Amino acid sequence: MSAQFSLEFFPPRTAEGVEKLRAARRQLSQLRPSFCSVTFGAGGSTREGTLSTVLEIRGEGIDAAPHISCIGSTVQSIRAVLSQYRESGIRHVVALRGDMPSGTVDAGEFRYANELVAFIRSETGDWFHVDVAAYPEVHPQARSANEDLSAFKRKIDAGANSAITQYFFNPDAYWHFVDAALAAGIDAPIVPGIMPIGSFTKLARFSDACGAEIPRWIRRRLESYGDDVASIRAFGLDVVTDLCERLLARGAPGLHFYTLNQASLTSTIWQRLGL
Ligand SMILES: Cc1cc2nc3c(=O)[nH]c(=O)nc-3n(C[C@H](O)[C@H](O)[C@H](O)COP(=O)(O)OP(=O)(O)OC[C@H]3O[C@@H](n4cnc5c(N)ncnc54)[C@H](O)[C@@H]3O)c2cc1C
């Protein structure tokens, strides 16, 4: 497999957001990504927005993969989403469990992402290339690192083709995870997820929620810049470009950028890497 460089967007909720994303994509499409993926709100809350964003991207001549999350969903509703994707000619999905929105109690008919992957394969055979999520720093709800690795292996054994990781800033965590996966018999490509740094408060909030660690030296430097956005972005660009360089130099199979629907940080890192 040649290295795969991809971009992730979320479906905008407002007409203004749709326009902003179009403008960001005009800039980012010049980078010629391998594909773009579009997130999916738990319980199907963004279902139409995910599909329409994917179709717009495909209309612009770039391959696009919708995410699909299963928690809180019925078999019937997932079947309907899969048929809609298939009828639209989509051949690549990112299959996730998702997180229950707070206050919801009905987990639905799927408990874990491996059940979704197995369902996709039983319903649609090899139609879709299926990506799943992986967690080099361990998913926050996992009982242990080993159990999390076993959960990852179940997704691959159920038929996933490749994986995209949660973001991380410590490359050792990634390589340790890749080595442990190989030792467990997983040879599917595990593409590092990359989070550009544009704001310390947002990054800290996301990282607390998803269990990604901001190393102390990075946190302390970012804190020291206060409201000085230019310094945060300049430091963030250096840190994240260096991380990407180190990952690629050691043979990572590509990079997946969490763009947060913004073009400038991702395209600067991409250009600095000479991709
Ligand atoms: C690349 C990427 C893209 C994402 N896109 C979206 C998106 O579009 N929409 C969205 O809502 N969320 C998205 N997420 C977030 C994701 O939905 C959450 O991280 C979610 O909490 C876990 O999803 P998963 O598919 O990894 O779940 P799973 O692989 O099912 O794992 C979830 C947890 O359950 C544990 N587990 C698995 N099987 C078992 C078992 N049999 N018994 C006990 N424990 C088990 C695992 O160890 C883990 O702790 C994304 C995450 C990543 C990394």
| said: Tell me whether region 198-251 comes out rounded, prolate or oblate; compute the Cα gyration tensor, take square roots of the eigenvalues as a ≥ b ≥ c, and use a/c under 1.5 as the rounded threshold. | reply: oblate
| Roughly how big is the chain's charge dipole about its Cα centre, with Cβ charges of +1 (Lys, Arg) and -1 (Asp, Glu), in debye to the nearest 20? | 300 debye
| said: Just to verify a number: what accessible area does Glu16 come out at with the full protein assembly present, 1.4 Å probe, Å² rounded to tens? | reply: 120 Å²
| task | Give me the lysines in straight-line cross-link reach of Lys202: C-alpha distance below 26 Å, same-chain residues under 8 apart excluded. | result | Lys20
| What residues qualify as long-range amide H neighbours of Ile194, i.e. H under 5 Å apart, gap of 5 or more or another chain, H built at 1.01 Å from N? | His256, Phe257, Tyr258
| task | Would you pull out the residues with amide H under 5 Å of Gly72's amide H, same chain only if 5 or more places away, H placed 1.01 Å from N? | result | Gly108, Glu109, Phe110
| task | Kindly write out, for region 167-175 in residue order, the coupling ³J(HN,Hα) from the Karplus curve 6.51 cos²θ - 1.76 cosθ + 1.60 (θ = phi - 60°), rounded to whole Hz, with x marking Gly and Pro. | result | 6, 7, 10, 10, x, 4, 4, 5, 5
| With every protein chain present, what accessible area does His139 have (1.4 Å probe, heavy atoms only), rounded to the nearest 10 Å²? | 40 Å²
| remark: Note to self: with every protein chain in place and a 1.4 Å probe, the chain gives an accessible area per residue in Å² of 47 Å²
| remark: Whole-Hz Karplus couplings 3J(HN,Hα) for region 94-106, θ = phi - 60° and coefficients 6.51, -1.76, 1.60, Gly and Pro as x, run 10, 9, 9, 6, x, 10, 5, x, 4, x, 8, 10, 7
| note | Out of Gln166, Leu255, Val117 - ranked by how far each Cα lies towards the positive end of the dipole of the chain, with unit charges on the beta-carbon of charged residues - the top one is Leu255
| note | When every protein chain stays in place and a 1.4 Å probe is rolled, Met100, Met195 sorted by accessible area with the largest first are Met100, Met195
| Local net charge near Arg250, Cβ-Cβ under 14 Å (Lys/Arg +1, Asp/Glu -1) | -3
| note | Largest-first ranking of Tyr225, Tyr174 by accessible area, probe 1.4 Å, whole protein assembly kept, is Tyr225, Tyr174
| Electrostatic dipole magnitude of region 1-49 [Cβ: Lys, Arg +1; Asp, Glu -1; Cα centre; debye, to 20] | 120 debye
| Ignoring any ligand, DNA or RNA, what whole percent of the accessible area of the chain comes from carbon and sulfur when the probe is 1.4 angstrom? | 49 percent
| message | How large is the accessible surface of Thr14 in square angstrom, using a 1.4 angstrom probe and rounding to the nearest 10? | response | 80 Å²
| Student exercise, region 104-206 dipole from Lys, Arg, Asp, Glu Cβ charges, in Debye to nearest 20 | 280 debye
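The values are calculated or read from the model by the stated rules, or taken from the named source; none is laboratory data. The shown structure was predicted, so the numbers you read here are calculated from the model rather than taken from an experiment. Note: ideal-geometry Cβ built from the backbone for every residue, glycine included; neighbour counts use all protein chains shown. Please note that ligands, DNA and RNA were not included when accessible areas were found on the heavy atoms of the full protein model with its side chains. Shrake-Rupley method; radii C 1.70, N 1.55, O 1.52, S 1.80 Å.
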